[in-house]
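Participant: A single structure is presented below for examination.
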Amino acid sequence: MSPFYLNVALAMLWTFLSRTPSFTVFMVGFGLGFVLVAMGRRLFPKSNYVGRVLAFSGFALAFLREFLVSNLGLIRVVLFRSRDRIQPGFLTYDVSGLSPLEAHVLTHCLTLTPGTTMVDVLDDGRTLLLHALDIDAPDALRQDIDRRLRDPLLRWTRS
């Protein structure tokens, strides 16, 4: 049995043994089941389930952090900067080292964060055209995307 199926089975068992079964009870059981699977991960030497779940959690937290920071930055720019000091613009972002799924997820993450949006995929299919509301330094923005979103994404998908 794979660790994922064991985790789901433990969550279902927890739900069935509960006085009031609900989705919340199932999720608590899933969390407790994950802890048990993580404690017994030596029983599944060929599986990297625990590492992938932890890496996905890290990616989700990184995206949530970036989402909140982008919202606060957008509020700061819109409310406290004069219109002539805002520098909107386009920049390219290279996704040649990413799989199609990784590029797709990264594209959606960039579009969901306020202040940036993906405009087009250029002809080579490995370069994104992005628009940013306030782009003082395009290279610094690319490095921020790499550090804050791309690296956690790669830890999740390639673990």
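A short reminder: the numbers here are calculations on the coordinates, not readings from a lab. In this text the structure is predicted, and so the values were computed from the model without any measurement. In this analysis, Cβ positions are derived from the backbone assuming ideal geometry, glycine residues included, and neighbour counts consider all displayed protein chains.
Participant: Could you work out the relative contact order of the chain? I mean the mean sequence separation of Cα pairs under 8 Å and 6+ apart, divided by the number of residues, in percent.
Facilitator: This gives 24 percent for the chain.
Participant: For a quick check: with amide H placed at 1.01 Å from N, whose amide H comes under 5 Å from THR127's, ignoring anything fewer than 5 positions away on the same chain?
Facilitator: Amide H neighbours of THR127: VAL95, LEU122.
Participant: Also: Set Lys and Arg Cβ to +1 and Asp and Glu Cβ to -1, take the dipole of the chain about its Cα centre, and tell me which of ALA103, PRO21, HIS131 lies farthest positive.
Facilitator: Of ALA103, PRO21, HIS131, it is PRO21.
Participant: Which residues' amide hydrogens lie under 5 Å from the amide hydrogen of GLY89, considering only partners 5 or more residues apart or on another chain, with H built in the peptide plane?
Facilitator: Amide H neighbours of GLY89: ALA132, ILE135.
Participant: If you don't mind, another one. Could you give the Stokes-Einstein D for region 50-157 in µm² per second, using the C-alpha Kirkwood radius, 20 °C, 1.002 mPa s?
Facilitator: Answer, rounded: 148 µm²/s.
Participant: If you don't mind, there's one more thing I want to ask. So what are the three principal axis dimensions of region 3-43 from its Cα atoms, in whole Å, longest to shortest?
Facilitator: Result for region 3-43: principal-axis Cα extents of 33, 12, 12 Å.
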